[in-house]
Structures are given as C-alpha cells and as structure tokens.
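This report refers to the structure that appears directly beneath it.
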Amino acid sequence: MMAIDFTTAATAAMICWAVGALLGIASVKIPALKMPGIILAITGTAVLGVYIAWYWNFLGRPPLRTLGETRLWYATLIPLVGFIVEFRWKISWLKYYCMGLATFFLVINLMHPEVFDKTLMPALQSPWFVPHVVVYLVGYVFLAASSTAAAHNVYLGLRSKTTETGSMVSHYLAILGFVFLTFGLIFGALWAKEAWGHYWTWDPKETWAFLSWLAYLAYLHANSYKIDRNKLQWYLALSFIVLLVCWFGVNYLPSSQNSVHTYTQS
Amino acid sequence: MATVRRQLFQDPWEFRESILFTAAAVLAGFLIQIASAGKGIPQPHLPFNALFLALLAVTVISAGLAFKNNPVVKWLGGIPLGLSLILAIALLSLIGGVVPQDTGATGSIAVRFGLSSIFSSWPFALTVIFFLVNLGIGLSWKLVPFKMQNLQFILFHAGFWIALSCGIFGSTDLQRLIIPVDEGKSGNIGFTMQGEEPHQLPFSVFLHEFSLEEYAPNLLLYDPATEAQTNFDVHKGLTTSWKGSDVLVVDYLPSAMPTEDGTLKPVASKGLPFVKVRISSDGRHEEGWVGVTLPSQKPVPVKIGNLLVLLWPGNPKAFRSAVTIQGDNGQTLMANLEVNKPVGFMGWKLYQMGYDEKAGRFSKLSLIEAINDPWLPAVYLGFFMIMAANVLFFWNGIKRSNKA
C-alpha cells in the first residue's frame, strides 16, 4: 500500500512540475500562461508536502532516517528554493533546474523502494535528531541550488553571456548553505557527545562533513580575495560532488566499515 | 602597457609561494613521519599542551600586531596562505575519509606514511599548526583596534581557532574507559577500547538491573520452494494474504515463558514474544504458536502447509542500567543510564554503552563507558562562538536587505 501511495504522489508532483514548466516556457510568448504555470509548479511541491506530513504521521517518527526519506525532503524543498529565488530576485531559470533535480531524486526513490522499517535505534532517539538532520537538509538544499546556479553560469560563460546577477545568486545561496552546514556540523558534534561520548571521532561521515565544510570555507575566502568570479563558478558547481559523497557515497568507501552513520545493520 | 609577471618570491607573496610553502610543510611532515618509523607525533598532556597552546596564541597575536607591516608577516596572516592550508587540510582529511583509520597492519605503507592514522600524523599536525598561525595573525588584525562591525569575523575566526586547537591538542587528555559490570555487583576498573592495562577509577558503579526493550517482533513468511519471503511488524489481529494463503495473528504475547506442560505463561519481564498464527489456504486452516529464540540460538521455524513461519526478534528500542555510583570521596548517586542520556559524576560522564548481545534481553552484563575530557568546555566555547557568529550573520544580512 505504501508503494502505491508514494508512486501516486510522486507521479502527480512530477506531472505538475512538467506541465508547470512547459507553461512557464510558453509564457515567454503567451504571458497569460505565466500564472497557471507558477500555480501548477507550486501545487507539485505542495502534493509532496502533504505526502510527507501523512507519511510522518503514518511512521510515528520523523521521516528523516533513511537516504530515501532524505531524498523525499530534497525533492520537496529544492523547487521551493527556485520559487523563492524567482520571487525575490526575479530570476526564473533556476526553478527549472530545481524541478529537474527534484524529479531526479523522486525517480531514484521510485526505482529503489526501500524496505519499510519503522524502528529507530536507541542512539537516534534524541532531541538532537530533528534539528541536526533538518539543518543539514536545508543546507544541502541551498548548496544544491547554488551548484545548479553555478553550473548555469558556467554554461552562460562558455557562450560569453555571463551576468552579474547570475554569480550573485550562486554566491548568496552558497553563503546561506554554508551557514546551515556549520550549524549542522556543530549540532552533530553536540549530539555525538551525548550519544557516543565524544563530539568528534573522525568517523568517515564526520570526516566527509568536515571536508564539504572546508570546500565551501575555501570558496568564501577565494571569493573575498576577489578571485575571478567565473573561475569560482566552476568550483561551486563541482563542490556539490563532495557533498554527494558525504551524503550517500560514504557508505561505499573502504573507510566506512566502522562508521556509526551506516544505519544498515545486520 | 604590458603587465610584468611577478617573479617567484618577489613581494608581495601570493598563491604560488603559499602553495609551495604548504606543499613543503606536508612533505616535511611525511618525511618526519617515515623517519620516526610511524610512531606519530609527541602527545603532551596537561599542563604541557595548555602551555604550548597559550605560548602559540600569545606569540602569534603579538607577532601579528607588532610586525603588521612586515611583508612576510602580512603573507603569513593572509588569505592566499590560509586558502592553501585549508586545501591541504582538506586533502589530508580526504585520505582519512577514504583509507580505513586505525586498522592498518604494522609495517604496511598506510601505517609507515601515517595514512591509517592521518589525524595524529606529522603532516596533519604541521599543517594544523601553520593554519593556527595563519588564522591567529589574521585574527589579530581584526581584534586591535576593536570595531563592532568586526564582531562576526572575530567570533567566527576566534571560535574556530579555539575549537580546533583545543580539540586537537586536548585530545591527549581525553580518557574513555569501559567498565563491565554484572547485575548485583560493582565495578571500578575501566579498560580502554584497545583493551590495554586496566585503569582504577575514582568511583565504583553498582548495577542493580539491566533491562532491554525491543520493538515488536517481525513475522517472517518463507517459501522454501521459491526462496521468497515477506515480513510484517506483529500486532494482534494482523491479517495479510501472501501466495494464496491468508495469515491471521490470533494472539500476541509480547513477553511469555513456556511452562513445563508446554503451555505459555505471560510474564512481566524477561520473557520472550510469542504469536499464535492461523493460516488458511484452499479451505484448510492451520494454527500454531511461534516464538522468538534468543539471539544466540538458531530460530526454529514452524511449518504450516508449504510455508515456514518464523518470528524474528525486533530491534532493540531502549536499554538501560539502574546503577548506584559511589565516589571515593563518599559521594553517591542513583541513576538510570540509557543511550543518549549520560549522567555526570565527579567530572566524569557515564554512558550506557552495551551489553551481552548473545544473551539479548536476558543479559546480566552491562558495559558502561566513563569519559573524562578536561578540554570540553574550551571546545564548546569555540562552538558557541562560531554559532553566535552565524546568528550575527543572519541578523546583519536581514538588516542589510531591509536597508536595500
């Protein structure tokens, strides 16, 4: 029954985004289509929001534990960043990338329905659980959007069409993402002290979280040293790869054999 | 006018000099590491590490202020060197994030180069010390003269300096000891994770009772012919259909014990879960009890029709130890130790760590971890300064966008 519900919600969301995006593109010629396009795109995200609320209630615990569950949050929140950027800075292209990325995450979830497990191991039963994961999620959402914006800027740069606002968007999203990443890292350390006895043990996930934090720390300093913004767009676009390794690549590395962050127990 | 490219080591030094310097530091680190036969860095304890850090802080800040206009000091506290060192720390961490840590075989390349203990290796230590110098000099310029608009910068950079330096140099004073205690007995001897010689603790822990709660067991249906299986969280009244058979959980006893005549008697604690299952297939009905076995035993399936029915124990939900802690100074404390709920005692923190997993909920043994970290307040001060800087960032950001 679960799988059917998720399939329905995900399909509905993806159709809303696709039609909304098409109407948005068509509105360049026919301005009357602009509003319906925006409403449809937002509806797609709202469908997922309602689904998450229902799923949370159904599980009886926050759906923030498995990778599939975090992907669900991403798929919901990334388009939201696109909508906010359009509303705030009148930049409309970002939302298309965001909806595309969200669709990609939903498709992964549709192809790999996870074994559904309601249990939460004792170490995860903590008041730190929700703030730690939510702060990271929001941070990753901003950085995913920043990376997408940077990739778009790289594309524009190759066609010699760079804009000042373009690099501004990727820059502000990166700063916001970095602030959330910092909070996530420190919340994680404070929680680790309560659950595992020490705030930092160089667990592979911690190491990779530190690495991604350093990657963006380096960006911010390079930016403040006035390094050519166009070169930095490449850097920002690629930095997200480090985050992806941290997010789900760690489980496949040889170093993860003793990690406390691999929740697949025997 | 053609721009003349600056020669290497011609003032002002920038990225090329920084990268060369950083690479030299990392290389020197690896050479010392190999020369010292993989012994790693010296690990001074209190008060020597604190003295070293205080000396480093004072030297760096006063050098930064006294030689503010010296080109070498300018470069030492500048962004190009900072960036190179950040990237070097990132690359060394990358090694630590890929190569399994603390597991290498003696004599292997990973051990000789310090790759399998990268975070206590010479290259990492040297890079971090130079980074602290760079960060400290940069900080000194913003500290004096103090300006309110620099507060966010100061909090973030000083917080990072304090957390990083105290976290790394204070790690030598961290004590993590595992105290094994049996029910009805007390223990005051702790062992390190490596199981070296026992350490006498300044207090003893008496274990009244160890208890384990599990999630509801899983009902597993298995078809030996096709090796297909499916499972459900058990509750009374659960119905499901699978491969043409209807399955009903008629009764569920979360905690029971078989009596001598073979019937089941519910018990308040230390029992095992049992379910009564009815399976209907092609008009035939079969009913039987299935129980969970101990983790150390092989599960005994019940065969109904062409299906095997097993009851799989649920995952541990909570485990706790009711203890009385008694200090050598006469102080006593009764407490429940539970995962995520450590208890403080005489400067130590006590954690519920583990139990005899083979015995599962019948474990009479509890593993309690006692941790003493005198540097924790300093590291937390650093953490809270960084977070305060972040809050200021939001505040300033919001104010700025309001003005705009």
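All of the numbers you see were taken from the coordinates with simple rules; none came from a lab. Bear in mind the structure is a predicted one, so any value in this text is a computation, not a measurement. Cβ: placed from backbone, ideal geometry, glycine included. Neighbour counts: every protein chain shown.
For the residue pairs B:K276/B:K303; B:K317/B:K358; B:K236/B:K364; A:K205/B:K39, the C-alpha atoms sit more than 24 angstrom apart in B:K236/B:K364; A:K205/B:K39. A simple spin-label model places pseudo-atoms 7 Å from Cα toward Cβ; at B:L174 and B:K276 they are separated by 5.4 nm. In this simple spin-label approximation, B:T259 and B:Q7 carry label points 7 Å from Cα along the Cα→Cβ vector, and these lie 10.1 nm apart. Using θ = phi - 60° in the Karplus curve 6.51 cos²θ - 1.76 cosθ + 1.60, the 3J(HN,Hα) couplings for segment A:240-249 round to 5, 4, 4, 4, 5, 4, 4, 6, 10, x Hz; x is entered for Gly and Pro. Convex hull volume of the C-alpha atoms in chain A, normalised per residue: 137 Å³.
Rounded to the nearest 20 debye, the dipole magnitude of segment A:63-157 is 220 debye, with +1 charges on Lys and Arg beta carbons, -1 on Asp and Glu beta carbons, and the Cα centre as origin. For chain B, modelled as a GNM whose springs connect Cα atoms under 10 angstrom apart, the maximal fluctuation among B:G244, B:G327, B:G288 occurs at B:G244. On the basis of the beta-carbon distance and an R0 of 25 Å, A:V107 and A:I39 show a calculated FRET efficiency of 0.55.
Think of the protein assembly as shown as having a plus end and a minus end, set by charges on the Cβ of Lys, Arg, Asp and Glu; of B:L212, A:H152, B:W375, A:H152 sits farthest toward the positive end of this dipole.
Per residue of A:199-209, other chain Cβ atoms within 10 Å of the residue Cβ number 5 on average. Roughly what angle does helix B:122-143 make with the longest principal axis of chain B, taking Cα atoms, 0 to 90 degrees, to the nearest 10? That works out to roughly 60 degrees.
Measuring nothing but alpha carbons in segment B:160-301 and taking Rh as the Kirkwood radius, the Rg to Rh ratio lands at 1.22. Rounded to the nearest whole Hz, the Karplus-based 3J(HN,Hα) values (6.51 cos²θ - 1.76 cosθ + 1.60, θ = phi - 60°) of segment A:179-186 follow the sequence 4, 5, 4, 4, 4, x, 4, 6, with x at glycine and proline.
Computed packing ranks the peptides A:203-210, A:171-178, A:103-110 as A:203-210, A:171-178, A:103-110, most packed first, by mean other Cβ atoms within 10 Å. Each Lys or Arg adds one and each Asp or Glu takes one away; over the other residues whose Cβ falls under 15 Å from the Cβ of B:I178, this sums to -4.
The magnitude of the dipole of segment A:1-146, with charges of +1 and -1 set on the Cβ of Lys/Arg and Asp/Glu and taken from the Cα centre, is near 400 debye. If R0 is 51 Å, the Cβ-Cβ spacing of A:A32 and B:Q149 corresponds to a FRET efficiency of close to 0.55. Rounded, prolate or oblate: which one fits segment B:42-114, using the alpha carbon gyration tensor with axes a ≥ b ≥ c (rounded when a/c is under 1.5, else prolate when a/b beats b/c, else oblate)? It is oblate, given that a/c is not under 1.5 and a/b is not larger than b/c. For the pair A:T11 and A:N57, a Förster radius of 25 Å applied to the C-beta separation gives a FRET efficiency near 0.70, rounded to the nearest 0.05.
Cα convex hull, the protein assembly as shown: 219 Å³ per residue, rounded to a whole number. Remark: chain B is approximated by an ellipsoid whose semi-axes, taken from the C-alpha gyration tensor as √(5λ), come to 59, 28, 23 Å, largest first.
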